[in-house]
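**Q** The structure under discussion is supplied below as structure tokens; questions concerning it will follow.
The values are calculated or read from the model by the stated rules, or taken from the named source; none is laboratory data. Not measured: the values here are computed from a predicted model. Quick reminder, even Gly has a Cβ in these numbers, built from the backbone with ideal geometry, and neighbours come from all protein chains shown. All accessible areas refer to the heavy atoms of the entire protein, side chains included, with ligands and DNA or RNA removed. Shrake-Rupley method; radii C 1.70, N 1.55, O 1.52, S 1.80 Å.
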Amino acid sequence: MRRIVILGSTGSIGRQTLDIVRAFPQEFEVVGLTAGNNVDLLLEQAAEFKPRYVWCNADLPSPPAGTRLMAMDEMATLPDVDQVMVALMGAVGLWPTLSALRAGKQVALSNKEPIVMAGQMLKAAEAEGDGVILPVDSEPSAIWQCLQGEDNHIRRLMITASGGPFRRTPLEELDSVTPEQALQHPTWRMGDKITIDSATLMNKAFEVIESHWLFSVSWQDIAVVVHPQSTIHSMVEFDDGSVKAQLGPPSMRLPIQYALFYPRRFANDDIPRLDIGAPWSLDFEPLQPERYPCFDLAISAGQAGGTAPAALSAADEVAVDAFLKGKIPFTGIHRVVEQVLAEHGNDTEPDLDAIQAADQWANLRARELAGLPAA
């Protein structure tokens, strides 16, 4: 039985993680659950799964019977915890992820921002504490699955992108698209922030940065291709020219379950299957840089390293929030991020304090540029 903590249990990934736990009750013990502000759902989850510890960003009226409050980083390092699912959003996931890795835990990482902000630091923590990062994000999970049983003589990683809802929208119309239109992802159903990041392709750039660190592959050996069907989640080309791909319907349940059970696989009727008997096609298109200016901005920040990725992540989080609130247009997202990165003084050899300071500065500066009040 695996004893797990789920950080962000009330979000989309957290809820689907609990669906897997629910399907295999004999395989898991839920030790701890944490949430942001969804107190009611957290209390429902605690009543069902009976964790020993809970935490919530909002005030709990009282801890559920049989539980006590515990901070996320402390919960993630408990001696009797085997695995930590990091299903948080934004920079808040960085510290508990580092803590869990240093404590030797298996960290199922759905939260992109920690490895974008501090990839080198997370890999060092993984080695230092004998922990392990298990990718949950669909595309890095696909690469990870393709590499099983291989000698890792990788020639190229090929990450697929749907192209988002504006793949065919005339460029001159992008300035006037609405949040409601941007949230209509053509293939995936996700939270608001990641859906907007998919429309700008910021999300795909984050996956490139993530894959660079997870698989120790050089920047020039990671390619992104637009694949509108979202059936192939990623591909790996090896030195001999062979290409392996991981295919499946656009669902997060498979990568979540794969990480939770790694290295075992189990049948689960709740996970959708690929219907190869139905007529379907696989299309590929080159990425159009002029359509997705956030992509190149993010890749440049990832390659610069230091505190630039932390500034990138914070600026994007604020800019997306400002767009969703109607403060800036869709095209304003990349303009805010570009301005923040232009003003940022990069510390090329940062410690954790410097990374957190860059995150805080970029958050504040992006808020000024986007017309949002200070947090």
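**Q** Might you check whether a residue that is crowded, with 20+ Cβ neighbours inside 10 Å and free of Cβ contacts under 8 Å to residues at least 40 places away in the same chain occurs anywhere in segment 129-150?
**A** Taking every residue of segment 129-150 in turn, at least one turns out to be crowded, with 20+ Cβ neighbours inside 10 Å and free of Cβ contacts under 8 Å to residues at least 40 places away in the same chain.
**Q** Restricting the search to segment 42-68, which residues are under 20 Å from Ala103 (Cβ atoms) and surrounded by 13 or more Cβ atoms within 10 Å (Cβ to Cβ)?
**A** Pro51, Arg52, Tyr53, Val54, Trp55, listed by residue number.
**Q** Check segment 109-119 and report whether any residue there is free of Cβ contacts under 8 Å to residues at least 24 places away in the same chain and out of contact with any His (no Cβ under 6 Å at 6 or more places or on another chain). Let's see the steps before the verdict.
**A** Of segment 109-119, the ones free of Cβ contacts under 8 Å to residues at least 24 places away in the same chain are none.
No, segment 109-119 contains no residue that is free of Cβ contacts under 8 Å to residues at least 24 places away in the same chain and out of contact with any His (no Cβ under 6 Å at 6 or more places or on another chain).
The rows are residues; the columns are (1) touching a residue at least 40 places away in the same chain (Cβ under 8 Å); (2) over 17 Å from Leu69 (Cβ atoms); (3) within 17 Å of the chain's Cα centre (by Cα).
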{"position": "Ser9", "(1), (2), (3)": "yes, no, yes"}
{"position": "Gln16", "(1), (2), (3)": "yes, yes, yes"}
{"position": "Asp19", "(1), (2), (3)": "yes, yes, no"}
{"position": "Arg22", "(1), (2), (3)": "no, yes, no"}
{"position": "Pro25", "(1), (2), (3)": "no, yes, no"}
{"position": "Glu29", "(1), (2), (3)": "no, yes, no"}
{"position": "Gln45", "(1), (2), (3)": "no, no, no"}
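**Q** Another one. With the condition being within 21 Å of Asp137 (Cα to Cα), I'd like the strands (runs of 3 or more DSSP E) fully within segment 1-82 carrying at least 2 qualifying residues. Steps first, answer last, please.
**A** On the way: elements: 2-7, 28-35, 53-56.
Because the criterion is at least 2 residues that are within 21 Å of Asp137 (Cα to Cα), the strands (runs of 3 or more DSSP E) in segment 1-82 that meet it are 2-7, 28-35.
**Q** So the check is Cβ under 7 Å with 6+ separation or different chains; which pairs have a first residue in segment 216-243 that's within 20 Å of Val116 (Cα to Cα) and a second one that's of a type in the set (D, E, K, R) and open to solvent by less than 30 Å² (accessible area, probe 1.4 Å)?
**A** Between residues of segment 216-243 that are within 20 Å of Val116 (Cα to Cα) and residues that are of a type in the set (D, E, K, R) and open to solvent by less than 30 Å² (accessible area, probe 1.4 Å), the close pairs are Val224/Lys204; His233/Glu139; Ser234/Glu139.
**Q** If you scan segment 155-190, which residues turn out to be modelled with pLDDT of 95 or more and β-branched (Val, Ile, Thr)?
**A** Within segment 155-190, Ile159, Thr160, Thr169, Val177, Thr178 meet the criteria.
**Q** Among the candidates Ala278, Ala308, single out the residue that is of a type in the set (A, V, I, L, M, F, W, C), modelled with pLDDT under 95 and over 28 Å from Thr169 (Cα atoms). First the steps, then the outcome.
**A** Values: Ala308 fails: modelled with pLDDT under 95.
Unique residue meeting the criteria: Ala278.
**Q** For segment 94-120, which positions are open to solvent by 10 Å² or more (accessible area, probe 1.4 Å), of a type outside the set (Phe, Trp, Tyr), over 16 Å from Phe206 (Cα atoms) and touching an Asp or Glu at 6+ places or on another chain (Cβ under 9 Å)? Lay out the reasoning, then the answer.
**A** Filtering segment 94-120 down to residues open to solvent by 10 Å² or more (accessible area, probe 1.4 Å) leaves 95, 99, 102-106, 110, 112-113, 120.
Filter once more, so that each one left must be of a type outside the set (Phe, Trp, Tyr): 99, 102-106, 110, 112-113, 120.
Retained after the next criterion (residues that are over 16 Å from Phe206 (Cα atoms)): 99, 102-106.
The answer is Ser99, Arg102, Gly104, Lys105, Gln106.
**Q** So in segment 158-190, with the set limited to residues that are among the hydroxyl-bearing types (Ser, Thr, Tyr) and open to solvent by less than 20 Å² (accessible area, probe 1.4 Å), which one is nearest to Ser141 (Cα to Cα)?
**A** Going residue by residue through segment 158-190, those that are among the hydroxyl-bearing types (Ser, Thr, Tyr) are 160, 162, 169, 176, 178, 187.
If we keep only those that are open to solvent by less than 20 Å² (accessible area, probe 1.4 Å) as well, we get 160, 162.
Working: Thr160: 12, Ser162: 16 Å.
By that ranking, first place goes to Thr160.
**Q** Could you tell me which residue of segment 287-344 is surrounded by the most Cβ atoms within 10 Å (Cβ to Cβ), considering only residues that are in a helix (DSSP H, G or I) and of a type in the set (Asp, Glu)?
**A** Filtering segment 287-344 down to residues in a helix (DSSP H, G or I) leaves 293-304, 308-324, 332-343.
The next check asks that each one be of a type in the set (Asp, Glu); those that pass are 296, 316-317, 321, 338, 343.
Values: Asp296: 16, Asp316: 32, Glu317: 22, Asp321: 19, Glu338: 17, Glu343: 13.
My answer is Asp316.
**Q** Still on this structure, please answer the following. Condition first: at pLDDT below 95 and open to solvent by less than 40 Å² (accessible area, probe 1.4 Å). Now tell me which residues in segment 23-38 satisfy that.
**A** Gly36
**Q** Continuing with this model, one more query. Quick test for you: out of Arg102, Arg68, pick the one residue that is modelled with pLDDT under 95 and at negative phi. Write out each step before concluding.
**A** Working: Arg102 fails: modelled with pLDDT under 95.
Testing whether each residue is modelled with pLDDT under 95 and at negative phi leaves just Arg68.
**Q** Sticking with this one: Quick check on Ala319: is it without any contact (Cβ under 8 Å) to a residue 60 or more places away in the chain, out of contact with any Gly (no Cβ under 9 Å at 6 or more places or on another chain) and on the phi < 0 side of the Ramachandran plot?
**A** When the stated conditions are applied, Ala319 does not pass them.
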